[in-house]
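The values are calculated or read from the model by the stated rules, or taken from the named source; none is laboratory data. Just so it is clear, the model here is predicted, and its values are computed rather than measured. We place every Cβ from the backbone using ideal geometry, glycine too, and count neighbours over all the protein chains shown.
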Amino acid sequence: MNSAELLFFSIFLILILCFLLLDLGVFDKTNHLVSLMEALFYTGLWIAVSLGFYVLLIFHGDWIHLGAEGNLTDLKALIVRYGILLKLMDSTTAAQLKYIKRIWRLNSSPDT
């Protein structure tokens, strides 16, 4: 695990703990009947937080493994280097050949 992955997962776990403490310690201090509007608000809040995290992963997911200085080409090179070994260990021969052909096509196509 490189330093970028360690930093990402540490921040992720700290954020999850903060959200739990915020939800359990701040939002629900009084014992009351939860209205529909309040339930919808908190549901919308947590869905918005999770969708924000999803968007972060979609647009900047390569930062997790490469750090801010890496790029998608470096990630593709790592997948090509180590991915073939993983695929060859647990698949059939026909699937292995199909996978290797697909990897060769990815390597031979120009990066956009």
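So in segment 62-71, with the set limited to residues that are part of a helix (DSSP H, G or I) and either of a type in the set (A, V, I, L, M, F, W, C) or in contact with a strand residue (DSSP E or B) (Cβ under 9 Å, 6 or more places away or on another chain) (or both), which one is modelled with the highest pLDDT? Here the residue is ILE64.
On inspection, LEU86 passes the criterion of being at pLDDT below 70 and part of a helix (DSSP H, G or I). One residue alone among PHE53, PHE27, PHE41, PHE59 is exposed (fewer than 10 other Cβ atoms within 10 Å of the Cβ), at pLDDT 70 or above and aromatic (Phe, Trp, Tyr), and that residue is PHE59.
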